[in-house]
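Each value in this text was obtained by applying a stated rule to the coordinates, not by laboratory testing. Just so you know, these numbers come straight off a predicted model, no measurement behind them. With ideal geometry, Cβ positions are generated from the backbone for all residues, glycine too; neighbour counts draw on all protein chains shown.
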Amino acid sequence: MKRAHRFALLLLVLTTVGCDRVTKHAATTWLAGTPARSYLANTVRFEYAENPGAFLGLGTDLPPEIRSGALAVATLLIMAGVIVAAIRLHGTLLPLVGLSLIFAGGLSNGVDRVTRGRTVDFLNLGVGSLRTGIFNVADVAIMAGIAIVFCTYRWKGKGSET
């Protein structure tokens, strides 16, 4: 892999984590303790929420000591798997972009879980009663990364060579 590609992937991880950290800080500063703010005919809502569980609150009902340990182990295993996959894909740029987004989102949400015991979520999208759960930038990065990896292999079979 070219040095420029490695630098670009590192920059992608750093900017994704940075954007997530800044937006979570902004949400904590400006949204915590306030009513939800609605825009574009309630299509976009900004509302502060703290998620002690994983994606969409998975594991929230577990006892805190079990939840913390289980989420920490799961996050570490996923991050290790992403690193192993990235090493194996050293020459396939598009899947590496997806894995970098997954890694960055997992890293930033992991920082929240270690430092706060929960993640800060603040975005909600929908039309009428059809709405997403409340999520954050790290969640978007993870889902975009999964979509990139999946679509690359679904459409190309092996991934895109660079």
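Provide the FRET efficiency to the nearest 0.05 for the LEU11-GLU65 pair, computing r from the beta carbons and using R0 = 35 Å.
Calculated transfer efficiency: 0.40.
Round to the nearest 10 and give me the degree value, 0 to 90, for the angle of helix 137-156's Cα axis relative to the longest principal axis of the chain.
The helix 137-156 is inclined about 40 degrees to the chain.
For helix 3-30, report the angle its Cα long axis makes with the longest principal axis of the Cα atoms of the chain; keep it between 0 and 90° and round to the nearest 10°.
Approximately 0 degrees, to the nearest ten.
Calculate the dipole size of region 3-156 relative to its Cα centre from +1 charges on Lys and Arg beta carbons and -1 charges on Asp and Glu beta carbons; express the result in debye to the nearest 20.
460
Answer rounded, prolate or oblate for region 68-142, using the Cα gyration tensor with square roots of eigenvalues a ≥ b ≥ c: rounded when a/c is under 1.5, else prolate when a/b is larger than b/c, else oblate.
It comes out oblate by the Cα gyration axes.
So for each of 33-41, 138-146 I average, over its residues, the number of other beta carbons within 10 Å; can you give me the resulting order with the highest mean first?
Ranking the peptides 33-41, 138-146 by packing returns 138-146, 33-41.
Using alpha carbons only, how many degrees (0 to 90, rounded to 10) separate the axis of helix 64-88 from the longest principal axis of the chain?
The answer is roughly 30 degrees.
Would you report the distance distribution of C-alpha pairs in region 1-77 as whole percents per 5 angstrom bin, up to the bin with the largest distance?
3, 12, 12, 14, 18, 17, 12, 8, 4, 1
Rg(Cα) of the chain divided by 2.2 N^0.38 Å?
Compared with the compact-globule rule of thumb, the chain sits at 1.12.
Place a label point 7 angstrom from the Cα of ILE83 along the Cα-to-Cβ direction, then list the residues of region 1-42 whose backbone nitrogen is under 15 Å away.
Under 15 Å, as judged by backbone N against the label point of ILE83, lies no residue of region 1-42.
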